[in-house]
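> Provided herewith is a single structure, encoded as structure tokens, for subsequent inquiry.
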Amino acid sequence: MEPGLRKDGPSLDSILVNYLDTLTQRVNFHLGYPVNICYDHYANLARLLQFHLNNCGDPFMKNTVDFHSKDFEMAVLDWFAQLWEIEKDQYWGYVTNGGTEGNLHGILIGRELLPDGILYASKDSHYSVFKAARMYRMDLEMINTSVNGEMDYSDLRAKLLQNKDKPAIINVTIGTTFKGAIDDLDVILEVLKDCGYSQDMFYIHCDAALCGLMVPFINNMISFKKPIGSVTISGHKFLGCPMPCGVQITRKSNINNLSRNVEYIASVDATISGSRNGLTPIFLWYSLSAKGHIGPKNDVKRCLENARYLKDRLQQAGVSAMLNELSIVVVLERPRDQEFVRRWQLSCVKDMAHVIVMPGITREMLDIFIGELVQQRKQWYQGGEVEPPCIADDVGAQNCSCSYHKIDDISP
């Protein structure tokens, strides 16, 4: 209902109650998108909604007004700086409105440092990376990927050598959007070295929207001890927040090219958005403070185990399924019924769908999903009279359970 038009319709309260009822019911069927909806601290922080909090300008500069949360923001940034191994006096960053803003900011830094640089990104990179190339009118080299979604390093090498006269700005994806593949940063650095690129001839931005909070609890791939320029995550994904948000960290030495003095706000500003939500830093701070380091570490362990559980159960049931190493994204054959897709809020590409096993996803939910999928497949494929799709080209022959590849698996 458009606001203010109808006087004889349902009350505002009844509209909101119905909406809340719908959301409450749908929480247990949210499997296809990377949002952690498992948080219970909203009640403690709800009182903050009576204030307008705006973290406009540089997080490290005092505001002339009191309605901001920059102290909380700096605490969040310090936490991630420690996680990604960069000293307090060596980094700059801010809490963004989401992963897209982080990518726009990181790639902009690369473009400002290397104005003639070519942007290299795998074809499985997040769409915001290609948006950045269009917005900044950057030359783009799209790199092929292997069947699991990881960057094809031989193709990267070939294209770097073709353009050796120009600097390289490389987007490294730590967890691709659909398949959850992780580009190997160490291999990319080795390729750059082999191709003759010195450190002043390349800039690396790490898009770690989903996995930037996961990978550091498994290995030290994401580290500013390596010659990377920036890292971004989405705060509402693995950690969880009621509002979209993110964290962007770069080296302090990089930010001078972007900083501009803005007298009106009595601050310098090197952010993309200017006005920034002052509530999200508090939500992130509260979650990190409550969880500490052991909380996210336990979440990572549980999600990885549940993802393997889902993949194994699907394959045992004859459903094509793939799971990358260090990933919580289970790719499976696309359900034939759009109502089933809508019920479980799945994301689909071509003949594939995926389930992202977030901290709020329990094994009970996965069991219900598997049970319903198996029952529905009996109707879709009429007891074997109709064949499931072959998705070997998308997930690898070893992960495809179509009749052709199933026969290959049992052949002597």
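The values are calculated or read from the model by the stated rules, or taken from the named source; none is laboratory data. Predicted model, so just to flag it, every value in this text is computed and none were measured. So basically every Cβ, Gly included, is an ideal-geometry build from the backbone, and we count neighbours across all protein chains shown. Quick note on the areas: whole protein, heavy atoms, side chains included, nothing else; ligands and nucleic acids left out. Shrake-Rupley method; radii C 1.70, N 1.55, O 1.52, S 1.80 Å.
> Using only Cα atoms, what is the ratio of the radius of gyration of the stretch 295-399 to 2.2 N^0.38 Å? Could the numbers behind the result be given before it?
Details: Rg = 13.6 Å, N = 105, 2.2 N^0.38 = 12.9 Å.
Here the answer is 1.06, to two decimals.
> A further question follows. Around residue 298, under 12 Å between beta carbons, what's the net of Lys plus Arg minus Asp minus Glu among the other residues?
+2
> With a cut-off of 8 Å between alpha carbons and a minimum separation of six or more residues, what is the relative contact order of the stretch 167-284 in percent?
19
> Assuming a viscosity of 1.002 mPa s and a temperature of 20 °C, what translational diffusion coefficient in µm² per second does Stokes-Einstein assign to the stretch 312-354, Rh being the Kirkwood radius over Cα pairs?
Result for D is 196 µm²/s.
> Across the stretch 36-46, in residue order, what do the Karplus-derived ³J(HN,Hα) couplings come to in whole Hz, using 6.51 cos²θ - 1.76 cosθ + 1.60 with θ = phi - 60° and x for Gly and Pro?
3J(HN,Hα) across the stretch 36-46, in whole Hz: 8, 9, 9, 8, 10, 9, 4, 5, 5, 9, 4.
> Note down the net charge around residue 386, summing +1 for each Lys or Arg and -1 for each Asp or Glu among other residues with Cβ under 12 Å from its Cβ.
+1
> While we're on this one: Net charge near residue 150, counting Lys/Arg +1 and Asp/Glu -1 over other residues with Cβ under 9 Å of its Cβ?
-3
> Gaussian network model of the chain, Cα springs within a sub-10 Å range: biggest mean-square fluctuation belongs to which of 331, 374, 355?
374
> Students often check this: by mean Cβ neighbours within 10 Å, which of 189-195, 96-102, 320-326, 109-115 ranks highest, and how do the rest follow? Mind dumping the intermediate values first?
Details: 189-195: 16.4, 96-102: 25.0, 320-326: 21.7, 109-115: 19.3.
The peptides rank, most packed first, as 96-102, 320-326, 109-115, 189-195.
> If you don't mind, another one. Could you work out what % of the accessible surface of the chain is carbon and sulfur, using a 1.4 angstrom probe and leaving DNA, RNA and ligands out of the count? Could the numbers behind the result be given before it?
Numbers: 10100 of 19640 Å².
The value for the chain is 51 percent carbon and sulfur by accessible area.
> State to the nearest 20 debye the size of the charge dipole of the chain about its Cα centre, where the only charges are +1 on K and R beta carbons and -1 on D and E beta carbons.
460
> Continuing with this model, one more query. So who's got an amide H within less than 5 Å of the one on residue 96, skipping anything under 5 residues away but keeping other chains? H placed 1.01 Å off N, in plane.
For residue 96, the qualifying residues are 246, 247, 248.
> Taking a Cβ-Cβ separation under 4.7 Å as the criterion for a possible partner, which cysteines of the chain have none?
Result for the chain is 38, 56, 195, 206, 211, 241, 245, 303, 348, 400, no neighbouring Cys Cβ within the cutoff.
> So what is the calculated 222 nm ellipticity per residue for the chain, using -39500 (n - 2.57) for each DSSP H run with n of 4 or more, over all residues, to the nearest 500 deg cm²/dmol?
-11000 deg cm²/dmol
> With a 1.4 Å probe and all protein chains left in place, how much accessible area per residue does the chain have, in Å²?
Heavy-atom SASA per residue in the chain reads 48 Å².
> Before anything else, pin down the relative contact order of the chain: Cα pairs under 8 Å, at least 6 apart, normalised by residue count, whole percent.
Relative contact order for the chain comes out at 21 percent.
> Please report, in whole Å³, the volume per residue of the convex hull around the C-alpha atoms of the stretch 51-291.
117
> Over the chain, with a Gaussian network built from C-alpha contacts below 10 Å, which listed residue (123, 311, 378) shows the highest mean-square fluctuation?
Evaluated over the chain, the most mobile residue of the options is 378.
> Moving to a separate point now. Over the alpha-carbon set of the stretch 1-112, divide Rg by the Kirkwood Rh and report the Rg/Rh ratio to two decimals.
Rg divided by Rh gives 1.07.
> Using alpha-carbon pairs under 8 Å, 6+ residues apart, how would you state the relative contact order of the stretch 51-291 in percent?
Answer for the stretch 51-291 is 31 percent.
> Hey, which of these cross-link pairs are over 22 Å Cα-Cα: 237/291; 62/297; 131/311?
As for pairs spanning more than 22 Å Cα to Cα, those are 62/297; 131/311.
> Moving on. Under a point-charge model restricted to the Cβ atoms of Lys and Arg (+1) and Asp and Glu (-1), what is the dipole moment magnitude of the stretch 282-404 relative to its Cα centre, in debye to the nearest 20?
I would put it at about 440 debye.
> Consider the candidate values [x] 21.5; [y] 23.3; [z] 24.4; state which one is mean projected area of the Cα convex hull in nm² computed from the structure displayed.
Correct label is [z].
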